[in-house]
1. Show me the strands (runs of 3 or more DSSP E) entirely contained within segment 63-172 in which 2 or more residues are in contact with a Lys or Arg (Cβ under 8 Å, 6 or more places away or on another chain) and surrounded by fewer than 17 Cβ atoms within 10 Å (Cβ to Cβ).
2. I need the full set of residues from segment 245-269 which are of a type in the set (S, T, N, Q) and surrounded by fewer than 19 Cβ atoms within 10 Å (Cβ to Cβ), in order please.
3. Return the pairs, sorted by first residue and then second, in which the second residue is part of a loop (DSSP other than H, G, I, E, B) and open to solvent by less than 20 Å² (accessible area, probe 1.4 Å), the first residue lies in segment 221-240 and is within 10 Å of ASN193 (Cβ to Cβ) and more than 9 Å from the ligand (Cβ to nearest atom), the beta carbons are less than 8 Å apart, and the residues are 6+ apart or on different chains.
4. Among the residues in segment 355-366, are any in contact with a helix residue (DSSP H, G or I) (Cβ under 7 Å, 6 or more places away or on another chain), farther than 22 Å from TYR324 by Cα, modelled with pLDDT of 95 or more and not in a helix (DSSP H, G or I)?
5. Quick one: which of LYS132, LYS119, LYS104, LYS110 is more than 25 Å from the chain's Cα centre (by Cα), at pLDDT 95 or above and more than 16 Å from the ligand (Cβ to nearest atom)?
6. Those residues that are within 16 Å of the chain's Cα centre (by Cα) and either of a type in the set (S, T, N, Q) or at positive phi (or both), I need them from segment 328-372; list them, please.
7. Assess whether GLU248 counts as being in contact with a strand residue (DSSP E or B) (Cβ under 6 Å, 6 or more places away or on another chain) and closer than 30 Å to LYS91 by Cα.
8. For segment 298-316, enumerate the residues that are crowded, with 21+ Cβ neighbours inside 10 Å and either part of a strand (DSSP E or B) or within 13 Å of the ligand (Cβ to nearest atom) (or both).
Amino acid sequence: MKDLSTFIALLEREGELNRIKIPVSKDLEITEITNRVSKSTDNNKALFFENVEGYSIPVVTNLFGSKKRMALAFGLKDLNELSQKVEEIIKFDLEGGILDLLGKGFDIFKRVRNATSIKVIDNPPCQEVILKEEASLTAFPIPKFWPLDGGPYITLPQVITHNPKTGKRNVGMYRLQVIDEKRLLVHWQVHKNGREHEEIAKSLGIEHIPCAIALGGDPLCTWAAILPLPSDVDEYMVVSFWRKEPLEMAKCKTQPLHVPAHAEIVIEGYIDIKDKRLEGPFGDHTGYYTPTALYPVLNVTAITSKRNPIYPATVTGVPPMEDYWMGKAVERFFLPFIKLLIPEIKDINMPVFGVFHNLLLVSIRKRYPGQARKVISALWGLGMMALTKAIVVLDEDVELEDMNRVFWQMFGSVDWIRDTILVEGPVDELDHATSKKCYGGKIGIDATKKLKEEGYDGEWPNVVKMTPEVIRKVDEKWKVLNFL
Ligand SMILES: Cc1cc2nc3c(=O)[nH]c(=O)nc-3n(C[C@H](O)[C@H](O)[C@H](O)COP(=O)(O)O)c2cc1C
């Protein structure tokens, strides 16, 4: 899927996009409409605002805001297929005949080869219009989202920088506050790779970091920007890997960087790490305003775009919102990798009300005493999972999407003194509840069946359930019972 227009056309064909033709203000009104739609159970669609007051450029929101739309971005029918597909790729087993093996091997070879090579094209669509001195951020309908926001914000960007030491690319989604027509504030939080680039630059005495902001392109480019990949692993490799072809890139006009060639809009510039200003407040995905804090300024050196660009945005706020589904895809994508490292894990779920970092549910195949504690510790040691404030471990028979079942087991099968681990450590920078910024208390809850060695004195009771034989008989009778 080359670009945003292709994705929008697909969503439209699937009945997943509503066009809004009436005039709408970019400030607050787009938020109010998108917020209502995001929370609707029967009318949650992507929104294409054709008539943004004062602008000829349309705005699109809620692109990824449902399970179906997120799956469509991957070319899948169901988002759960994402874990299966990734598992098929990474679990290259030696089963099957020689032809089967060759086929699988060739597929993986092709994916890796494409992922590790980039294709730079001439006359890219993202440079149909090139503005340098005359470039102005005010030409674009960048919304102010919530009443107390510090200004207008770019909320769906691919922020591209290179590690000043290794030269490797990073793509991160970090919101950008507009200061004026040529300056933005880059909100990269302390745990993020872009922020690490800033710290490396500082240690090397480098004051300016070249930076490009891409909006649009293949929808997976936008999604990949939120992947918490290790430092120096290029997020765009995942896009090429998935699509089985090298991502087409364009050379920037004023910075030594490359951007997706089919982006709608590209902002080129440099980050002045010495020029830090107060960023925020911002109505964040936690559902609270994040307070102001110092972040560096990006000075714009050029803005390039398609001739008739579309401006993509996401609205954050009290969940459920679009970011939940973007995060759900990250969860599904990483599950097979997590299982490789912690094989007893059957499934994981970050429920919508946990806003990613507040709650992780895990089901495990428990075999030995203390295993749930081992899983909790392993997860707290795994990349950005380290920021998870509460981890609840349940037995493998608990379906993690079934919140009644989860809470029933979680509250019923726990002795809060015996089965909890309290630790202190790093927490998400957006967390408003801990006493100190980025540091605070976390809880691990072992809600699995307890064993004798774990201090449980007695026989763990059986769950009340019917025999398979009666279930089968009643299934038959159910067909003639007409009260349902
Ligand atoms: C809609 C949305 C907005 C985000 N905004 C920010 C942000 O402003 N700052 C930030 O540090 N992370 C933000 N994130 C999370 C990062 O994109 C995510 O942690 C990602 O892994 C960062 O890339 P990195 O691992 O290369 O640093 C946002 C995520 C989403 C879905």
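The values are calculated or read from the model by the stated rules, or taken from the named source; none is laboratory data. Keep in mind that this is a model prediction, so the values were computed, not measured. Cβ coordinates were reconstructed from backbone atoms using ideal geometry, including for glycine residues, and neighbour counts include every protein chain displayed. Side chains included, ligands, DNA and RNA excluded: accessible areas come from the protein's heavy atoms. Shrake-Rupley method; radii C 1.70, N 1.55, O 1.52, S 1.80 Å.
1. Numbers: elements: 129-131, 158-162, 169-172.
Here the list reads 129-131.
2. Step one: filter segment 245-269 for residues of a type in the set (S, T, N, Q), giving 254-255.
Listed by number, the list holds a single entry, THR254.
3. ASP232/ASN163
4. Yes, there is a match, as at least one residue in segment 355-366 is in contact with a helix residue (DSSP H, G or I) (Cβ under 7 Å, 6 or more places away or on another chain), farther than 22 Å from TYR324 by Cα, modelled with pLDDT of 95 or more and not in a helix (DSSP H, G or I).
5. Details: LYS119 fails: at pLDDT 95 or above; LYS104 fails: at pLDDT 95 or above; LYS110 fails: at pLDDT 95 or above.
None of the others qualify; the one that does is LYS132.
6. ASN349, VAL355, PHE356, ASN358
7. On the way: in contact with a strand residue (DSSP E or B) (Cβ under 6 Å, 6 or more places away or on another chain): yes; closer than 30 Å to LYS91 by Cα: yes.
Taking the combined requirement at face value, the residue satisfies it.
8. Selection gives LEU298, VAL300, ILE303, THR304, SER305, TYR311, PRO312, ALA313, THR314, VAL315, THR316.
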